[in-house]
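Shown next, in structure tokens, is the structure this report addresses.
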Ligand SMILES: [Zn+2]
């Protein structure tokens, strides 16, 4: 290939020279160039190496189907591998390099892989590493481990940066009446027709310019028509997006778009995202995605300097490059003739091989007038040259097939094996394309059960005038479907060539060994496909996976049809009988960054803060995550770490008083005449007779009898209850209550409202808790033991007129209260409480101390109620009323759930009091440290009250069965084995004297 | 992306909703036998085609809906409030509320 930039012509701006580097060498191109066209104009031919054999690869196309010029763009944190040079716009300072090669794409040591070609034939990985005889466990795997590193390096696809991506990506949501994908003649005309009808039209184009095939035309009329259509579209108010790929179609007209915002800009505005990921909901979709030109399999058809014909035309007419001097154009259809003539007119010596015997007169004269040498019944057989093309062996069609017919020197081979409409988006919807014999391609079916219309060459309409009509026709269908008025234009039938295509997929002559590529990116040859057939692969889907045909970054755009044709031939069938593979999104690769959008770091998931958050921080809290919540973990004083802090907080709370932000608990208002009945059905324990002004601890089961949640519910009036749930299950409980009321128990007159955000709360725990609250309420008499007994509830007013509801409930095991105020008063509540608690030598405590105190008491939380535990397992069986039915009451009696040897909640302490142990350890009988053991540890803490470490967990048959026995807490990957004793879970103040006091 | 026409909120992405389950299940009385509860909780048809199912408009109006959806094509035939009172108040038709 000896490409030359022409002195004029094309859509490039010769006044804007652009400097860029290729493998470190400085080069220049022009504004309007792609990286591929600029490299071609600079005489670069070998731009990459193939996946397995490391054969040299050059530019094969001018578009998204590129399979050769796959390069790495950018450096450092912005290094982006596997970029198609044909789609990368040139910008000043662009740094690109070849990949899959060392030391360079021209001199690649990996090319020795080519010598071992037989090792890499179809099914190579399967045969070598999974089925090695003898089929002993681990044999194949062992070899794989050994060779994987070498092979992965040899058969790589470029290397991504290991540094964090510095760019920002956005998610955008959009709506439109009509989405038009593709802005060629059909797309432009469809969009204009719909926009003129007053519809909201969104036209998306993957290229940097609108126009599609108009951009590759040399004549002035085409250029004018394109400009005219775009001007009219602007006037009609259509929205148009370039550099935007509709990569997938989904249910209900949802389309996924990838907008490449800054990939073409040297120094983008730092406020711009690199990509935008659009989710567009379109009422109607017009797919005008064009067609891709097919290759033909012949010897060394992967050499740099073998391209498709349309690419030759594009480089000539769009980029002002004569891509070769001695050019052979090989075709089996009419579409190559214009290109051959244009290349000849531009100064190249052109030979045209047409596989067909009869050529229409007009085609003959078109090339004849341009000095093209036409050879009918001729096809390319084998390319000569190793790093490029220096000659071509021909074949001619005879009675029994092809036979060799001499050769010709040339520097470029352009091939057209026919055209494949881009039916990918239709395929995404599960709609199977059908084989059109006359046009030798797959097209969409006539009837589609969704508002999707194919237009232009995507519907196998080959000439531009017909494409305009095709677009208009599709648009009128969309207009009518939306209730508008339009005169239905008849859609042109597939076709448009003067003489029919003659299918040609492979050229071979008997007795000649050729290396003919079907999928040049994955190095799949015609022999690989035949080998797969011989080995019994009949399904196309299996063929694809076995040979990896179509699994490279182009997703089968290049090789699929040839592969199908070869399979059909081997099986003695027609192509449609063999089937087509299903195209799946994305049409072209979507960056991981675009998928994640802004959902990274702090935005990865919602962060919930209580209204006391700032107050807690101001008072020395170290925070931790509890689900989505940010909660105080501990309040370290000078010189304290977490261990010192939580031990002091626990000790202080048990001695005087402690305050703890409990706002994150779920809170649900349950109101209505049937509220009492409702609670009585959902809790295992009786709620029918809970007096006004009292709270009750309750347990809820799921329908299947497993514990769902626990918490306290306060009765505020005859018809008004205030339920608290655990932090973790707040959402789940709310959903379940709504479901029960709206579906199963529609007759119950109850309304549930989540008030978790409305109320902020603090626990006030410890012997001096009443004293603290007395100092805070306007009327201290409400706090007396008689007025406010254990499990009592009051609604009162705090100093300063702050409304407040308080219950005397305890999670810590001390005399304790939970006080809630409207969220806006959160800081005021804490100020009041702390002003009273601090002089009493009280403390603030966090989750760590909260956990320590609840473990001492044997109170369960989410760590214990893990969705496998029954109410009996948790040691709370007496909470299940035998006198009533409730959710889960039938199913909790399933035999398996009633077994005596089920794991039950127990307390755990080390045999040697100086030892510690870990949550997550497996509890095993002494001498039987293996398997699943007898139970597990859910939570551990240092107990200041007992002076050693304690834990909660579950062990088969409960603590009574293990009394006096040594049990092993096995933690093989961390601490090893620790000897422990199993005790009652109620390790501290088991009779609750401190609580009632 | 399935789009569900909530009778209260209008047409919304399915990501605003959470799937409930088979809407044809009649849950037994609380004092029904273990066998009846077993069947109600665990026994499900694996329908290919139109299925009646519950959805919760969790990130919307919080209404539980009964949706008739084709499990093959995701085509939705009807959406209505699960609660008869809600249905009466919204006086919806079977094809959903505001169009
Ligand atoms: Zn809603």
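Please treat every number below as a calculation from the coordinates, not as lab data. Quick caveat: nothing in here was measured; it's all calculated off a predicted structure. Ideal geometry is used to build each Cβ from the backbone, glycine not excepted, and the neighbour counts take in all protein chains shown.
Remarks
- Förster-model FRET efficiency, 25 Å R0, residue A:574 and residue B:72, C-beta, rounded to 0.05: 0.30
- When A:23, A:411, A:824 are sorted by how many other C-beta atoms sit within 10 angstrom of their C-beta, beginning with the fewest, the order is A:824, A:23, A:411.
- Rh by Kirkwood over Cα pairs, then Stokes-Einstein D for region A:535-648 at 1.306 mPa s and 10 °C, µm²/s: 80 µm²/s
- Every pair of different Cα atoms in region A:907-997 enters the Kirkwood calculation, which places the hydrodynamic radius at 13.3 Å.
- Using a cutoff of 8 angstrom between alpha carbon atoms and counting only pairs six or more residues apart, the relative contact order for chain B works out to 29 percent.
- With bins 10 Å wide beginning at 0, the percent of Cα pairs of region A:297-428 falling in each bin runs 13, 44, 33, 9, 1.
- Relative to the compact-globule estimate of 2.2 N^0.38 Å, the Cα radius of gyration of region A:763-882 comes out at 1.20.
- Between helix A:464-481 and chain A: long-axis angle, C-alpha atoms, 0 to 90°, nearest 10: 30 degrees
- log10 of Debye I(q)/I(0), alpha-carbon scatterers only, for region A:435-519 at 0.16 Å⁻¹: -0.72
- Based on the Stokes-Einstein relation at 37 °C and a viscosity of 0.692 mPa s, and on the Kirkwood radius from alpha carbon pairs, region A:431-482 is assigned a translational diffusion coefficient of 281 µm²/s.
- The tail of the calculated P(r) for region A:828-899 beyond 19 Å holds 57 percent of all Cα-Cα pairs.
- Binned Cα-Cα distance frequencies in chain A - 20 Å width, integer %: 12, 31, 24, 24, 10, 1
- Annotation: the residues A:224, A:638, sorted from fewest to most other C-beta atoms within 10 Å of their own C-beta, follow the order A:638, A:224.
- Working from the Cα coordinates of region A:1-46, the gyration tensor eigenvalues give, after taking √(5λ), semi-axes of 17, 13, 8 Å in decreasing order.
- In plain terms, the bigger the Kirkwood radius, the slower the diffusion; for region A:691-735, with that radius from Cα pairs, at 37 °C and 0.692 mPa s, Stokes-Einstein puts D at 291 µm²/s.
- The alpha-carbon positions of region A:617-684 define a convex hull whose volume is 168 Å³ per residue.
- For region A:811-964, convex hull of alpha carbons as volume per residue, Å³: 173 Å³
- Put simply, the Cα atoms of region A:709-770 extend 47, 29, 20 Å along their principal axes, the longest span coming first.
- Region A:690-731-region A:519-577 distance, computed between alpha-carbon centres (Å): 63 Å
- Taking other C-beta atoms within 10 Å as the exposure proxy, B:35, A:498 rank B:35, A:498 from fewest upward.
- Kirkwood analysis of region A:620-768, using all unique Cα-Cα pairs, places the hydrodynamic radius at 17.1 Å.
- Helix A:220-236 axis, angle to chain A major axis (alpha carbon atoms, nearest 10°): 30 degrees
- For region A:743-805, the fraction of C-alpha pairs farther apart than 19 angstrom is 46 percent.
- Nearest 10 degrees, 0 to 90: helix A:336-345 Cα axis against chain A principal axis: 60 degrees
- Inter-label distance for residue A:625 and residue A:493, nm, one decimal - labels placed 7 Å from Cα along Cα-to-Cβ: 6.3 nm
- Counting only Cα atoms, region A:657-706 measures 36, 30, 18 Å along its principal axes, largest extent leading.
- Kirkwood Rh, angstrom, region A:366-491 [1 / mean 1/r, Cα pairs]: 18.3 Å
- Helix content alone sets the calculated 222 nm mean residue ellipticity of chain A: runs of n ≥ 4 DSSP H residues at -39500 (n - 2.57) each, divided across all residues, give -6500 deg cm²/dmol.
- For region A:1-85, the spread of Cα coordinates along the three principal axes comes to 40, 32, 23 Å, biggest extent given first.
- Overall shape of region A:159-310 was characterised from the C-alpha gyration tensor. The equivalent ellipsoid obtained from it has semi-axes of 27, 25, 16 Å, in decreasing order.
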